[in-house]
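These notes are about the structure you will find just below.
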Amino acid sequence: MTRQEIRQAVADILSDIAPDEDISDLKDDVSFREQMELDSMDFLDIVMELRRRYNVSVPEADYPALASMNSTVDYLEPLMANL
């Protein structure tokens, strides 16, 4: 997957988890939690959806890498390169 495809995949997951949030204005370099009303359960749902949809496992130690759109795409890019 390309960076843009990964970004869209993350945006799709965010839309499903927080359907009342407007993700069209998300800033790539600002944390999701600062821009959206996400709690820890929502964050775990994101991780679980990545596993379910793309077979990507994110160890708990790596959760901070999923803080913003840029950091999430950076983290996922090598893991999703062959999808």
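Only protein atoms count toward the accessible area here, which uses a 1.4 Å probe; on segment 1-48, the carbon and sulfur part of that area reaches 46 percent. Counting 0.36 nm for each residue step from Ala81 to Asp22 and taking away their Cα separation leaves a gain of 18.5 nm.
Extending 7 Å from the Cα toward the beta-carbon at both Asn70 and Asp29 defines two label points whose distance is 0.4 nm. In a fully extended conformation the segment linking Glu5 and Ala61 would gain 17.7 nm over its present Cα-Cα distance, using 0.36 nm per residue.
In this Cβ point-charge picture (+1 for Lys and Arg, -1 for Asp and Glu), the chain has a dipole of about 420 debye about its Cα centre. Spin-label model, Asp12/Asp42: points 7 Å from Cα along the beta carbon direction are separated by 2.1 nm.
The values are calculated or read from the model by the stated rules, or taken from the named source; none is laboratory data. Since we're looking at a predicted model, the values are computed, not measured. Because the Cβ atoms are built from the backbone with ideal geometry, glycine has one as well, and the counts that use them run over all protein chains shown. All accessible areas refer to the heavy atoms of the entire protein, side chains included, with ligands and DNA or RNA removed. Shrake-Rupley method; radii C 1.70, N 1.55, O 1.52, S 1.80 Å.
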